[in-house]
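Below: one structure, written as structure tokens.
Every number here is computed from the coordinates shown, using simple stated rules; none is lab data. Quick caveat, the model's predicted, so the values are computed rather than measured. Backbone-built Cβ (ideal geometry, glycine too); neighbour counts: all protein chains shown.
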Amino acid sequence: MINEKLKKAEDLGEKGMVDEAQKALEEAEGLKHSRRFQFLNLLVFFL
């Protein structure tokens, strides 16, 4: 999912659609932070 968002951002950027590309990058970052948060919660749960 994250890789797809990054690819979409790259494609949009190449087409000159800067605002849309920025939005896709922000969505990818949000997914990364969400996954990291989920991992940390699991880690704490098992410790």
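Couple of notes before you dig in:
- Which label in [x] 5.8; [y] 4.9; [z] 2.9 gives the computed mean projected area of the Cα convex hull in nm²: [z]
- For the chain: relative contact order, % (alpha-carbon pairs under 8 angstrom, 6 or more apart): 36 percent
- Dividing the helix sum by the residues of the chain, where each DSSP H run of 4 or more adds -39500 (n - 2.57), gives a mean residue ellipticity at 222 nm of -31000 deg cm²/dmol.
- Think of region 2-46 as having a plus end and a minus end, set by charges on the Cβ of Lys, Arg, Asp and Glu; of Ala24, Leu12, Phe46, Phe46 sits farthest toward the positive end of this dipole.
- Applied to region 17-23, the Karplus parametrisation 6.51 cos²θ - 1.76 cosθ + 1.60 on θ = phi - 60° returns per-residue 3J(HN,Hα) values of 8, 5, 4, 5, 5, 4, 5 Hz, with x for Gly and Pro.
- Karplus-derived 3J(HN,Hα), 6.51/-1.76/1.60, for each residue of region 38-47, Hz, glycine and proline x: 4, 4, 5, 5, 5, 4, 5, 4, 8, 8
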